[in-house]
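Down below is the structure, laid out as structure tokens.
Coordinate-derived values only; no laboratory data. Keep in mind that this is a model prediction, so the values were computed, not measured. Backbone-built Cβ (ideal geometry, glycine too); neighbour counts: all protein chains shown.
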Amino acid sequence: PGGPKRYKWYLNLMPAAIERLDLSEYDLVISDSSAFAKGVVTNPDTLHICYCHSPTRYLWSDTHSYTEDLRQPTVVKQLLPIILNRLRVWDRLAADRVDRFIANSETVQRRIEKFYRAESEVIFPPVDISGLKPVPVEEVSDYYLLVSRLRPYKRVDLAIKAFNSLSLPLKIVGMGEEYEKLKAMAGKNIEFLGPVNNEERNELLSHCKAFIHPQEEDFGIAALEAMAAGRPVIAYGKGGARETVVDGQTGILFDDQTPWDLVDVVRDFDYTAFDPAVIRAHAEKFSTEIFTKNIQEYIEREFSEFRSKHLSDVSFI
């Protein structure tokens, strides 16, 4: 009941649910996972490839912030460390069921090595750039844009504090649990647009002065969508942004995750110093077509190698 909205209530049941999937008839299983999907049980002669968006963040890298931000009764918060500890043990064992890991960024690759003690190959996720294109410089508007779910780790509060200080127009697209809190702290120069359709989103991306990216992401698809529209990105310089934003060419990276660091960058920002065509060309390196080519080549190579090894083992026996 209420699963999509209250999935956190069911975390303790997720391992049993994913293990119930019967995949015994498959030669190849590809899981797309940031939490439980990698825990499927496969046969010894089945190749399991996991495309990993991150080792489960609330079990590993973000445990403490997750616990602090959770809005639940005190009794739930007291039980949470016990639940998370059990899930962490399961998650580590589940990672051992994977035969090959693909990481969606070098940031995630380092986490896989750290938490799962496993090697991985980096294949960047696909970015749909087909509906995005740069507009002439004279059509660029005066607003800055932020597109994000409104959750604590997205650090939208940081952007709001910065733009409250700057008194510059900021449009925020997205919804989430922090909507009311963030709206209450925002000045009149900040506009909350809520969810928008793809056409509206593309228009906003194409005409913004710059895209604001204040959080540390595993990869950061929204920032690349802005670049596909030819717009520079102002991003916190950790995580996936270091792999997708070319500092000084497709955007600007700020070092400290504080409102004041963001204020300094925006205050000195000159959007005319960036070439939309260059920014767009960079984003095209992350297109769906390139992802499809890379992932297909990887799967064919690894499946062939796995199958050859399996057959040779059978012959030896």
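If packing is taken as the mean number of other Cβ atoms within 10 Å per residue, what is the order of 247-253, 137-143, 206-212, 153-159, highest first?
Values: 247-253: 18.4, 137-143: 12.3, 206-212: 22.9, 153-159: 20.7.
Ranking the peptides 247-253, 137-143, 206-212, 153-159 by packing returns 206-212, 153-159, 247-253, 137-143.
Put +1 on the Cβ of every Lys and Arg and -1 on every Asp and Glu Cβ in the stretch 137-285; which of Leu205, Val245, Ala281 then has its Cα farthest towards the positive end of the dipole? Of the candidates, Leu205 comes out farthest on the positive side.
How do the peptides 298-308, 168-178 rank, highest first, by the average count of neighbouring beta carbon atoms within 10 Å per residue? The partial results should precede the final answer.
Details: 298-308: 13.7, 168-178: 18.2.
Going by the mean number of other Cβ atoms within 10 Å, highest first, we get 168-178, 298-308.
The calculated FRET efficiency for Glu284 paired with Glu139, based on their beta-carbon distance and R0 = 22 Å, is about 0.55. Once the Cβ-Cβ distance between Met185 and Phe291 is put in as r, and R0 is 51 Å, what FRET efficiency do you end up with, to the nearest 0.05? For Met185 and Phe291, the calculated efficiency is 0.85.
Each principal axis of the Cα atoms in the stretch 225-317 has its own extent, and those three values, largest first, are 70, 29, 15 angstrom.
Near Asn189: Cβ cut-off under 14 Å, other residues only, Lys/Arg at +1 and Asp/Glu at -1. The net charge is +3. Helices assigned as whole DSSP H runs in the chain whose Cα atoms extend at least 24 Å along their own long axis and whose mean Kyte-Doolittle hydropathy is -1.0 or higher are found at 74-95, 288-316. A simple count of charges around Ser105, restricted to other residues whose Cβ falls under 12 Å of its Cβ and scoring Lys, Arg +1 and Asp, Glu -1, yields -2. Per the Cα gyration tensor, the chain maps to an equivalent ellipsoid with semi-axes of 38, 26, 16 Å, ordered largest to smallest. Relative contact order, whole percent, for the chain stands at 15, derived from Cα pairs under 8 Å and 6 or more residues apart. Were the residues from Glu243 through Asp275 laid out at 0.36 nm apart, the gain over their Cα-Cα distance would be 9.6 nm. Stretching the chain fully between Arg301 and Asp96 yields a gain of 71.7 nm (0.36 nm per residue, less the alpha carbon separation).
As a rough guide to protection, the peptides 87-94, 144-151 ranked by mean Cβ packing within 10 Å, highest first, stand as 144-151, 87-94.
Can you give the calculated 222 nm mean residue ellipticity of the chain, where each DSSP H run of n ≥ 4 adds -39,500 (n - 2.57) and the sum is split over every residue, rounded to the nearest 500 deg cm²/dmol? Kindly include the intermediate steps, with their values, before the conclusion.
On the way: 12 runs with 127 residues, N = 317.
Only helices count here, giving -12000 deg cm²/dmol.
When only alpha carbons are used to place a centre, the stretch 152-221 and the stretch 294-311 end up 42 Å from one another.
Please give the net charge around Thr258, taking every other residue with its beta carbon less than 15 angstrom from that of Thr258, where Lys and Arg add +1 and Asp and Glu add -1.
Details: positive: Arg155, Lys161, Lys238, Arg267; negative: Asp157, Glu216, Asp255, Asp256, Asp261, Asp264.
In short, -2.
Computed from the C-beta positions of His310 and Gln78, the FRET efficiency with R₀ = 41 Å rounds to 0.30. A P(r) calculated from all alpha carbon pairs of the stretch 168-269, with 5 Å bins opening at zero, reads 2, 12, 21, 24, 24, 14, 2, 0 percent. Placing +1 on the Cβ of every Lys and Arg and -1 on the Cβ of every Asp and Glu, with no other charges, gives the chain a dipole of roughly 1180 debye about its Cα centre.
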